[in-house]
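Inspection log for the structure reproduced underneath, given as structure tokens.
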Amino acid sequence: MAKKKILFFTGDYAEDYETMVPFQMLHMVGHEVHAVCPDKKKGDTIMTAIHDFDGYQTYSERQGHHFTLNATFDDINVKDYDALMIAGGRAPEYLRLDSRIIEATKYFAEANKPIAAVCHGIQILTAADVVRGKKLTAYPAVGPEVTLAGGEYVDVPATDAVVDGNLVTSPAWPGHSAFIAEFLKLLGTKIEL
């Protein structure tokens, strides 16, 4: 298997599982993953949030963990990366306001490189105008944004993932098994047991 270099966007109050689990799983199978956040450096931490589905009309939120970034945002060159991963949670809400995040996301879409986004991470995709004509899913509250951005929102269980070309999306962290498996397929990763 060829080792891939993956750029991973996350930030303060990104969802804990949607940051830590993909980061760890991608490292576990041998890929190089650079977790970055604008205006933060390698060794800085972000605060994550734990979102849970407790039977209320929306998810609940609790303080998560301090997650240490392993690369400096200002040092990245998107052309050095084979794929992009975007964490969900509240971080995408403010990350999508950063023009550097938007330009980087557009690069991956235009280069037809694999992109994986989960939950509210899809807000970065809609802000970058890269979902037009694509089928994708997201946390249901983000569905209207997908439609307004010209994408086709697919309502699937939280345990599922949707793939359209180079794009894999999932509604939330319960879908990690399907989400990561589909992203690994896009990366050409083969795991032999």
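What ranking of 125, 193, 84 emerges when the number of other C-beta atoms within 10 Å of each C-beta is taken as an exposure proxy, fewest first? Walk me through the numbers on the way to the answer.
Details: 125 31, 193 2, 84 25.
Final ranking by Cβ density, sparse to dense: 193, 84, 125.
Could you put 122, 101 in order, starting from the residue whose Cβ has the fewest other Cβ atoms within 10 Å?
Values: 122 30, 101 23.
Ordered from fewest to most neighbouring Cβ atoms within 10 Å, 122, 101 come out as 101, 122.
Based on DSSP H runs of at least 4 residues, each adding -39500 (n - 2.57), what is the mean residue ellipticity at 222 nm of the chain after dividing by all its residues, to the nearest 500 deg cm²/dmol? Present the calculation step by step, with values, prior to reporting the outcome.
Working: 6 runs with 54 residues, N = 193.
Rounded to the nearest 500, it is -8000 deg cm²/dmol.
Among 182, 110, 152, whose mean-square fluctuation peaks in a Gaussian network model of the chain (Cα, cutoff 10 Å)?
The residue with the greatest mean-square fluctuation here is 110.
Apply the Karplus parameterisation 6.51 cos²θ - 1.76 cosθ + 1.60, with θ equal to phi minus 60°, to every residue of the range 26-35 and state each ³J(HN,Hα) to the nearest whole Hz, in sequence, with x for glycine and proline.
After applying 6.51 cos²θ - 1.76 cosθ + 1.60, I find 5, 5, 4, 8, x, 7, 9, 10, 10, 8 Hz.
Once phi is turned into θ = phi - 60°, what whole-Hz ³J(HN,Hα) does the Karplus curve with 6.51, -1.76 and 1.60 give for every residue of the range 100-114, x standing for Gly and Pro?
Result, ordered by residue: 5, 5, 5, 5, 5, 5, 4, 4, 4, 5, 5, 7, 6, 8, x Hz.
May I ask you to list the lysines whose Cα is less than 18 Å away from that of residue 79, ignoring any residue fewer than eight positions away on the same chain?
Hits, sequence-local ones excluded: 3, 4, 5, 106, 113.
Of the listed peptides 126-139, 159-172, what is their order by residue-averaged count of other C-beta atoms within 10 Å, with the highest listed first?
Values: 126-139: 21.0, 159-172: 22.5.
My ranking of the peptides, most packed first, is 159-172, 126-139.
Please list the non-local residues whose amide H lies under 5 Å from the amide H of residue 85, H modeled 1.01 Å from N, same-chain partners needing a gap of 5 or more.
The list, which skips near neighbours in sequence, is 7, 8, 9, 116.
Find how many whole Å separate the alpha carbon centroid of the range 43-63 from the alpha carbon centroid of the range 167-187.
First find each Cα centre; the distance between them is then 20 Å.
Sort 51, 31, 65 by Cβ crowding within 10 Å, fewest neighbours at the top. Write down the numbers at each step before the final one.
Values: 51 25, 31 20, 65 14.
Ranked by crowding around the Cβ, least crowded first: 65, 31, 51.
Springs between alpha-carbon atoms under 10 Å, Gaussian network over the chain: tell me which of 44, 16, 54 tops the mean-square fluctuations.
In the Gaussian network model the winner is 54.
Values in this text are rule-based calculations from the coordinates and carry no lab data. Everything quoted here is computed from the prediction, not taken from an experiment. No Cβ is skipped: glycine too gets one built from the backbone with ideal geometry, and neighbour counts run over all protein chains shown.
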